[in-house]
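Novice: My structure is below; once you've seen it, I'll send some questions.
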Amino acid sequence: MIDFGEPLHLIAYVVMAAGLAFDIVGCLGLVRLPDVYNRLQAGTKCVTLGTLLILLGVLIRFGFGAMGVKALLCLWFIAMTSPTAAHAIARAAHRAGFPLWKDSVVDQYAEDRAGSKEVAP
Amino acid sequence: MSKILSAFVFCMLVWIAVTWAFDTTSLVLGAVLAGAIAFSLRNLELDEVPLLLMPQRLVWALAYIPVLLLYVIRANFDVAWRVLHPRLPIRPGIVRAKTTLKSPSARVLLANSITLTPGTLSVDVLDDVFYIHRIHVPEAAPEADMQRSMDTFEGFLRRIFE
């Protein structure tokens with residue numbers, strides 16, 4: 001059995017459970033959403049916050065020791081790298097010609113890139 | 001020289017944070033590694049780092065964190081709601097928005113902030129135009145709506161970096 005001992009530990013477990021819930025929604029979004037761009041939205045938002053909450057739970061549970069400080073560093077790295085990676089994937093997908101979902105309403109990036117191609121020699 | 005030294009101090013702090021060991025062996029090993037990394041990064045442009053150490057910029061940077069966190073949490077409930085909704089209420093598209101920020105670091109953070117917040121994902125930056133994928137493009141005035149949420153972040157980032 002899990003020993004809930006101190007109230008602080010209980011808070012830590014609640015935070016971790018919330019993180020797990022967001023991670024699950026993020027994974028569900030990867031399956032349900034229609035194209036690569038929308039799926040990245042689920043991947044960058046729900047999964048980033050979910051993972052951050054789990055690491056925050058670890059920090060609360062173990063305090064500022066060897067484990068807690070590592071959790072804090074991982075928090076920072078994930079918060080910085082996850083959106084950057086999503087941007088790189090979205091940009092590469094668009095440049096490789098992956099179409100937006102058929103019911104997408106507007107694509108001003110494609111409009112502007114097509115425009116600049118005509119101007120270029 | 002001061003550049004190498006500050007990189008060395010930074011690497012050493014990260015090393016101590018990661019290992020959390022204070023015996024001579026690991027500290028010496030950390031110093032050797034931090035020295036090697038600091039030396040190999042000597043040509044890296046770090047012109048904006050000293051700016052960040054000014055007190056009022058630090059205060060704005062600290063104030064930015066809870067604001068961003070609030071947006072991130074709102075973003076999560078928004079996306080979670082759309083994903084869990086049986087009819088999947090999305091209206092995706094890529095819109096453009098202009099930034100007035102000049103500093104490269106500020107622009108990077110702006111792009112990352114946009115990606116983490118409600119239904120928006122930075123796809124590319126060409127000159128001063130951000131191309132942003134939105135999970136739900138509002139029917140009325142999509143560009144003005146995007147500009148409004150960018151202005152909040154720009155206000156903070158300008159005070160931090162410029």
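The values are calculated or read from the model by the stated rules, or taken from the named source; none is laboratory data. For clarity, every value in this text was computed on a predicted model and none was experimentally measured. Because the Cβ atoms are built from the backbone with ideal geometry, glycine has one as well, and the counts that use them run over all protein chains shown. Heavy atoms of the whole protein, side chains included, go into the accessibility calculation; ligands, DNA and RNA do not. Shrake-Rupley method; radii C 1.70, N 1.55, O 1.52, S 1.80 Å.
Novice: List the strands (runs of 3 or more DSSP E) inside the range B:29-139, counting only whole elements, that have at least 3 residues being among the β-branched types (Val, Ile, Thr).
Specialist: B:120-126
Novice: Go through (1) out of contact with any Cys (no Cβ under 7 Å at 6 or more places or on another chain); (2) in contact (Cβ under 8 Å) with a residue 12 or more places away in the chain; (3) facing chain A (nearest Cβ under 10 Å); (4) within 20 Å of A:LEU52 (Cβ to Cβ) for B:ILE73 and report which single condition fails.
Specialist: The one condition B:ILE73 does not meet is (2).
Novice: Do the conditions hold for B:PHE22, that is, is it outside any helix (DSSP H, G or I), more than 27 Å from A:ASP107 (Cβ to Cβ) and among the aromatic types (Phe, Trp, Tyr)?
Specialist: So B:PHE22 passes the test.
Novice: Hey, any hits in the range B:118-140 for a residue that's surrounded by fewer than 19 Cβ atoms within 10 Å (Cβ to Cβ), small (Gly, Ala, Ser) and without any contact (Cβ under 8 Å) to a residue 40 or more places away in the chain?
Specialist: Yes, the range B:118-140 contains at least one residue that is surrounded by fewer than 19 Cβ atoms within 10 Å (Cβ to Cβ), small (Gly, Ala, Ser) and without any contact (Cβ under 8 Å) to a residue 40 or more places away in the chain.
Novice: Now, a different point. Can you pull out the residues in the range B:81-99 that are facing chain A (nearest Cβ under 7 Å) and open to solvent by 10 Å² or more (accessible area, probe 1.4 Å)?
Specialist: Hits for the range B:81-99 are B:LEU84, B:LEU88, B:ILE90, B:ARG91, B:ARG96.
Quick grid of which residues meet (1) within 28 Å of B:ARG87 (Cβ to Cβ); (2) open to solvent by 20 Å² or more (accessible area, probe 1.4 Å); (3) within 12 Å of chain B (Cβ to nearest Cβ):
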{"site": "A:HIS9", "(1), (2), (3)": "no, yes, no"}
{"site": "A:ALA12", "(1), (2), (3)": "no, no, no"}
{"site": "A:LEU20", "(1), (2), (3)": "yes, yes, no"}
{"site": "A:LEU30", "(1), (2), (3)": "yes, yes, yes"}
{"site": "A:TYR37", "(1), (2), (3)": "yes, no, yes"}
{"site": "A:GLN41", "(1), (2), (3)": "yes, no, yes"}
{"site": "A:VAL47", "(1), (2), (3)": "yes, yes, yes"}
{"site": "A:GLY68", "(1), (2), (3)": "no, no, yes"}
{"site": "A:LEU75", "(1), (2), (3)": "no, yes, yes"}
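Novice: Separate question: Among the listed residues B:ALA36, B:ALA61, B:ALA31, B:ALA106, which satisfies the condition of being surrounded by fewer than 15 Cβ atoms within 10 Å (Cβ to Cβ), away from chain A (no Cβ under 11 Å) and in contact (Cβ under 8 Å) with a residue 12 or more places away in the chain?
Specialist: The match here is B:ALA31.
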